[in-house]
1. Say whether the condition of being open to solvent by less than 10 Å² (accessible area, probe 1.4 Å), out of contact with any Leu (no Cβ under 9 Å at 6 or more places or on another chain), modelled with pLDDT of 95 or more and not hydrophobic (A, V, I, L, M, F, W, C) is met by at least one residue in the stretch 290-305.
2. Output the residue which, of all residues in the stretch 617-641 that are closer than 19 Å to Ser591 by Cβ and open to solvent by 60 Å² or more (accessible area, probe 1.4 Å), is modelled with the highest pLDDT.
3. Filter the stretch 36-57 for residues that are at pLDDT below 75 and closer than 8 Å to Ala73 by Cα and give the result.
4. Being within 28 Å of the chain's Cα centre (by Cα), under 20 Å from Cys291 (Cβ atoms), at pLDDT below 90 and buried (at least 24 other Cβ atoms within 10 Å of the Cβ) is the requirement here; does Ser240 meet it?
5. Inside the stretch 366-394, can you point out the residues that are more than 12 Å from the chain's Cα centre (by Cα) and either at pLDDT below 90 or of a type in the set (A, V, I, L, M) (or both)?
6. Can we say Gly460 is under 19 Å from the mean Cα position of the chain (by Cα) and either under 25 Å from Asn541 (Cβ atoms) or crowded, with 24+ Cβ neighbours inside 10 Å (or both)?
7. For Lys449, are the conditions met, namely being at pLDDT 90 or above, open to solvent by 10 Å² or more (accessible area, probe 1.4 Å) and not acidic (Asp, Glu)?
8. Could you tell me which residue of the stretch 97-115 is least open to solvent (accessible area, probe 1.4 Å), considering only residues that are under 25 Å from the mean Cα position of the chain (by Cα) and under 15 Å from Asn54 (Cα atoms)?
Amino acid sequence: MKKIFKILALTPLLVFANSCSNETSIDTLDEFTKHIIGLNNSNDSNLTYKLTVNYVNEGGGKVTDSHVDNIKAGESFLVVPPEVDGLRPNMPYVEGYMNSNKTINVYYDTVSVWDGVTATAFSGNGPQASPYLIESAANLAYLANLESDRSSNTADPLAGKYYRVTNHIDLGNHPWKPIGTNNAANYARPFQGHFDGKNHLITGLYINKPTGISYGLFGAINSTATISNLVVEGNVTGYSRTGLLLACINANTASVSNIKTFGSVTSTGDKSNSQYVGAIAGVNKGLISNCSNFATASSLLYGGTGGIAGTTSYQIENSENYGIVTSGTSTGVNAYGGISGILSADAAVIRGCSNYARLDFYCSKAGGIVGSFTKGKIESCNNYGAIYANNVETGGIVGNTGSAGKIESSNNYGYLKSTLGSFAGISGLVNGGSLKSCNNYYRVEGPGKYTSGIAGNCYGTNMVIDSCNNYGNIVGENYVSGICGYVTQDIKNCINYGNVTGVNYVTGVVSYLLYGRTSNCHNEGKITGQSAVGGIVGYYNIKADVETYIEKCSNKGDITGETKVGGVCGHNQSGTIRECSNSGTISGTGSYVGGVCGHLTHTGVVYSSSNTGDVYGKNSVGGVIGYAGASTNQYDNETAGNINGVYSVTKVVGHQA
């Protein structure tokens, strides 16, 4: 189901200055149906942005009387350009999200409808100054024949040639043979020229090859090939390596830019051959930039599926997904993302990309931007779409981040809900990778464990989470936190502002700190749970020979639980807490309630820490520590709040064993 309603009011407003005929009236939007996708990303609720819709006639130039509307920040729009007097718009519709001023150009032209006959020649000569002209579907089919029929053992005579589309093309749903091939027997036949669509539409694309590999309008591109300025609409079904625009980009010197895709792309593949499905490209080893997808991308079992690309080993920049990305009902090893299903190379980068679509997943790894992220970098990306998942690992940005993955300056604005697995606003699982300067702004809700605002389950060598903030409310069961769930490495400079609710191991920053360092982190949200509930850490333990501490952290939020409740830490098994403070109200209905630490056991240490908040409990209630074991240490701690309880209630330590 599309996330934006399509009930539209149309009024004749604009006029073409058609150089070949009298003026032609055009219907355009008088009002835009608006629908909130996520949180308004501005603190000013009255902030609006300007949307400008220009209707451009290829024969007559830009329409002078463009439609302009002011739309509130954080709202979305839908534009449906009509067909007029034999002229067709190059896009069936356009969606958008108002986070800046936007200008949309809709290009109108005549349409060439294919009768299934293939041309035998082009106009033009092939160099950039005199490109081959694609004037009809017959010309386009001729190009496909030239590429597929040439010998794979000879040099490509079309390499480096230029092609230009001169008007809209309707392929009439005739079965299509891709331009260039990429299967094992024909790997030497990719398209290696330069294809400029000049903002024209190629519609009526139809491919139904449920056992076929490498299908799309183009089969493959290589070398320094380029495809640009094109809109593609159709329905493509293949087994693996399937795309609407193209199946495979085979070289990092090849590029695709300014492409829009509509319709659907589907893979029928299974685990015997990993499937890669994307509306722009199934496999991306090159550069994709300034592209938008509005098509549905779907697959069944193993592999990667994305709104832009199925798998990426080079770059995607400044691209957007508005299309639904769907999975089958198998829990096989598959990955789904709003932009790319998989990101997996040291040189791989996804930069400045956004997902706006609602995503529904039943798979192992899923994210608003990338599903499985093993190597490379994701930076300056945003997810605005709601995500509903029945996954093992799900995140607003990434499902699973591997040891060589870096996520920086990326934000989640969409509502997230999952029925199981590691689930978080930025990355569901982080296995040794790093997150820096990322933010979650919306509610994250999951009945299982490892539900967090930033990262769900975090472990692995050299894992670091730095300068990340959570503003959304977090609801889960066990290992629930504003920043991270289960952590074995470093967390620093992070702040939680959202309310966090769960059962066990519930906290503002880290639910379960096994070993590692948590420093300069702060909580301002309300934390509610039952056992091991804390403002900074819920449960704190250490591993031998690993330096570990909670340092220079503070809590201002109210903390409520039953047992082992603390302003900084609920239960400190054997770690060090130093130079930390609490000013929030700490309330426990049972035992072990402290202004800084509720339950301190084994070789745990608390020193140079303070509490100025009120503390309420029943048994073992202390201004700094509720219960301290016989071998624990505490010194240089201060308290100024009111301490209230029934048994073992003191100003500093409620009960010392």
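1. Within the stretch 290-305 (the criterion being open to solvent by less than 10 Å² (accessible area, probe 1.4 Å), out of contact with any Leu (no Cβ under 9 Å at 6 or more places or on another chain), modelled with pLDDT of 95 or more and not hydrophobic (A, V, I, L, M, F, W, C)), the answer is no, since none of the residues qualifies.
2. Filtering the stretch 617-641 for residues that are closer than 19 Å to Ser591 by Cβ and open to solvent by 60 Å² or more (accessible area, probe 1.4 Å), the one modelled with the highest pLDDT comes out as Lys618.
3. Listed by number, the residues that qualify are Asn40, Asn41, Ser42, Ser45.
4. In short, no.
5. Selection gives Tyr388, Ala389, Asn390, Asn391, Val392, Glu393.
6. no
7. Considered against the rule, which asks whether it is at pLDDT 90 or above, open to solvent by 10 Å² or more (accessible area, probe 1.4 Å) and not acidic (Asp, Glu), Lys449 comes out as no.
8. Ile104
The values are calculated or read from the model by the stated rules, or taken from the named source; none is laboratory data. Not measured: the values here are computed from a predicted model. Methodologically, a virtual Cβ is constructed for each residue, glycine included, from the backbone with ideal geometry; neighbour enumeration extends over all protein chains shown. To get the accessible areas, we keep the full protein, side chains included, count just its heavy atoms, and leave off ligands, DNA and RNA. Shrake-Rupley method; radii C 1.70, N 1.55, O 1.52, S 1.80 Å.
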